[in-house]
Amino acid sequence: MKLRHSATIAATASVLLALGACSSSDGGDSKSGGSGDAGASTGIVSVNGTEPQNPLIPTNTNEVGGGLILDLIFEGLVYYDADGKDHLAVAESIESDDAQNYTIKLKEGLEFTNGDPVDAASFVDAWNYGANADNAQLSAYFFEPIEGYSEENTEPLSGLEIVDDTTFTVKLKQPEGDFPLRLGYSAFYPLPKSAWDDIEAFGQNPVGNGPYKFKDDNAWEHNVKFELVPNEDYAGERTPQNGGVEVKIYDSQDAAYNDLLANNLDIITAIPDSALSKFEDELGDRAINQPAAIFQSFTIAPGQEHFEGEEGELRRAAISHAINREEITQVIFSGTRTPAADFTSPVIAGWSDSVPGSDVLQYDEAKAKELWAQADEINPWSGTFTLAYNSDGGHQSWVEAVANSIKNTLGIEAEGNPYAKFSELRTDVTDRTIEGAFRTGWQADYPGLFNFLGPLYGTGAGSNDSDYSSDEFDNLLKQGSTETDVEKANEYFQQAQEVLFKDLPSIPLWYSNVTGGYADTVDNVKFGWNSVPLLYEVTKN
């Protein structure tokens, strides 16, 4: 999946940061001019997906089902190529001499597919909407560094200012050297003026500025498919090399894989557990098995009995020691997963497998029982430990294996709690109505250590499913963010992980390879650093 990322737009103090236009991700010449380039095919490429949790508003979409669609129909200030390297997209330049005050200049003449201009207001208005507390957007946390942001703020951000139609400035609360690197994430996408006529209706039929657009007003057939066609006016580097994309929504990964083998699906983004031991033989050189910026874990729902205070700290550590990650990754995943050594990803610069406290991830039956007994002395255990998962994502096998490992080690009842659909699981998680533990994980938004930590464990962060809050952790994140030297920043982020290993707001499990594949109906299939296929490059035979 993800190859090594390159943080090419990290600023340094007193140094002008200016991003130059880069070539296409395959190392060839820059592309432009819509979908009519030589070599492009006209066939429709099909890929599996999941029903998005919410309407497709960029600032309220933080899961992969909706993210896949948004990244096809929108384009941000920058984009990331297959290796995680950042390239200018809508931005002509992003400049700063202090890593705190940024001037962003846009390319001229760009439009949304309805003719609205892609201008400074389309970014500033979208960001202000996402940051406004009244709108309760899941990705509001990404605007936290900008001056004027607070969890209660309902006014336009004081740190955003429109200079002219193609220029706006961003003032941060403090220097943050990797801020430009974040700007390829969907939370920072622009929105057209038409979105504000009826934002809820817009989310069902969004108008973007990216390489693709919805085929028609009925392109999103809920729980069935999305139909996208090339945006003929797109002038960026991600030029479609096909006649469109159909995202098919499946109830199970097994069904998607069977369709792939029958040439009824062109690309699959994840191989089901049942096929992990054989997919490389069945697909040959069309099998994908490569590292990716994906971290898998499970989280215990906030407020659960037995998991608060000192008792909770002991039980979390006991459960972590009770999981035989090495055995599960070999038996269930046929070596396509690697036991976690931290809370981030080994394909991100700055990763370490020796963060103090990480020994809590080691399988240790005796230690697990000892810690569990200490917790019982505080408050005797009662009930069944449950781990919720979505059945449409192919998670049953590993959930049952984890539950059995906990059950056999600690001598308690433990079992999986299946949800039919990912969107149903996430709704209960978001509404805080879920009980027990539930599967979690992170597919990176941008290639940096902070992205695996701040959005998931920062106080009040939009993806903080455990409602975790630690002043010590938050302060270390802040110190790291203010560093303009990436190596020094990563030192603070590793110290922040020491706090996480003590508190265990989530239980790390393993890192994922992207295990996917494609039928012989398509060519030029490449999966990127974040596990997502570069669909615009795919050609249909």
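The values are calculated or read from the model by the stated rules, or taken from the named source; none is laboratory data. None of these values were measured; they are calculated from a predicted model. Heads up, the Cβs are rebuilt from the backbone with ideal geometry, glycines too, and the neighbour counts pull from every protein chain shown. The protein model used for the area step is the full one, side chains on, heavy atoms only, and it has no ligands, DNA or RNA in it. Shrake-Rupley method; radii C 1.70, N 1.55, O 1.52, S 1.80 Å.
A few points about this structure:
- Nearest-20 debye value, the chain charge dipole, Cβ charges on Lys, Arg, Asp, Glu: 960 debye
- Accessible surface area normalised per residue over the stretch 450-528 is 33 Å², counting heavy atoms of protein chains with a 1.4 Å rolling probe.
- About the centre of its Cα atoms, the stretch 422-512 shows a dipole size close to 160 debye [charges on the beta carbon of Lys, Arg (+1) and Asp, Glu (-1) only; nearest 20 debye].
- Listed by chain and number, the lysines placed with their C-alpha closer than 22 angstrom to that of Lys540 are Lys31, Lys213, Lys215, Lys225, Lys248, Lys526; residues fewer than eight positions away on the same chain are left out.
- Note on Lys193: accessible area is roughly 130 Å² with a 1.4 Å probe, heavy atoms of protein only.
- Where the stretch 48-178 is the region considered: accessible area per residue in Å², 1.4 Å probe: 34 Å²
- Integer Hz, Karplus 6.51/-1.76/1.60 couplings in order for the stretch 424-441, x for Gly and Pro: 5, 4, 5, 5, 5, 5, 5, 7, 6, 9, 6, 10, x, 9, 8, 5, 9, x
- Model label sites at Asp251 and Lys407, defined 7 Å from Cα along the beta-carbon direction, differ in position by 2.5 nm.
- Karplus-derived HN-Hα couplings along the stretch 478-490 (A = 6.51, B = -1.76, C = 1.60, θ = phi - 60°), whole Hz, x at Gly and Pro: 5, 4, x, 5, 6, 6, 8, 8, 4, 5, 5, 4, 5
- For Ala414, residues with placed amide H under 5 Å, excluding near neighbours: Phe385
- Here the contact order of the chain, divided by its residue count and restricted to Cα pairs under 8 Å and six or more residues apart, works out to 22 percent.
- The stretch 323-431, relative contact order in percent, only Cα pairs under 8 angstrom and at least six apart counted: 26 percent
- Under the Karplus curve 6.51 cos²θ - 1.76 cosθ + 1.60, θ = phi - 60°, whole-Hz ³J(HN,Hα) for the stretch 309-320, x wherever Gly or Pro sits: x, 5, 4, x, 4, 5, 5, 4, 5, 4, 5, 4
- Principal-axis analysis of the Cα atoms of the chain puts helix 64-73 at an angle of about 10° to the longest axis.
- Using heavy atoms of the protein chains and a probe of 1.4 Å, the accessible area assigned to Thr59 is about 10 Å².
- Taking amide H atoms as placed 1.01 Å from N in the peptide plane, the amide H of Ala388 lies under 5 Å from those of Asn417, Ala437, Phe438, Arg439, each 5 or more residues away in sequence or on another chain.
- Only helical runs count toward this figure. For the chain, summing -39,500 (n - 2.57) over DSSP H runs of n ≥ 4 and dividing by all residues gives -7500 deg cm²/dmol at 222 nm.
- Charge dipole (the chain, unit charges on Cβ, about Cα centre) - positive-most of Ser391, Ser139, Ser463: Ser391
- Comparing Ser252, Gln241, Ile332 along the charge dipole axis of the stretch 217-334, the residue lying farthest to the positive side is Ile332, per the Cβ-charge model.
- The accessible area of Lys278, taken with all protein chains in place and a 1.4 Å probe, comes to roughly 90 Å².
- Among (i) 130; (ii) 640; (iii) 219, the entry derived from the coordinates for volume of the Cα convex hull per residue in Å³: (i)
- Computed with a 1.4 Å probe over protein heavy atoms only, the accessible surface of the stretch 198-258 comes to 40 Å² per residue.
- Of the solvent-accessible surface of the chain, computed with a 1.4 Å probe over protein heavy atoms with every protein chain present, carbon and sulfur atoms account for 43 percent.
- Assigned charges on the beta-carbon of Lys, Arg, Asp, Glu; the stretch 148-217 dipole about Cα centre (debye): 320 debye
- Taking the Cα atoms of the stretch 315-401, the ratio Rg/Rh between the radius of gyration and the Kirkwood radius comes to 1.01.
- Relative contact order of the stretch 149-222: 14 percent, from C-alpha pairs under 8 Å at least 6 residues apart in sequence.
- Across the chain, the longest piece that holds none of the GluC sites (Glu not before Pro) lying in DSSP loops with up to 16 other C-beta atoms within 10 Å covers 1-107.
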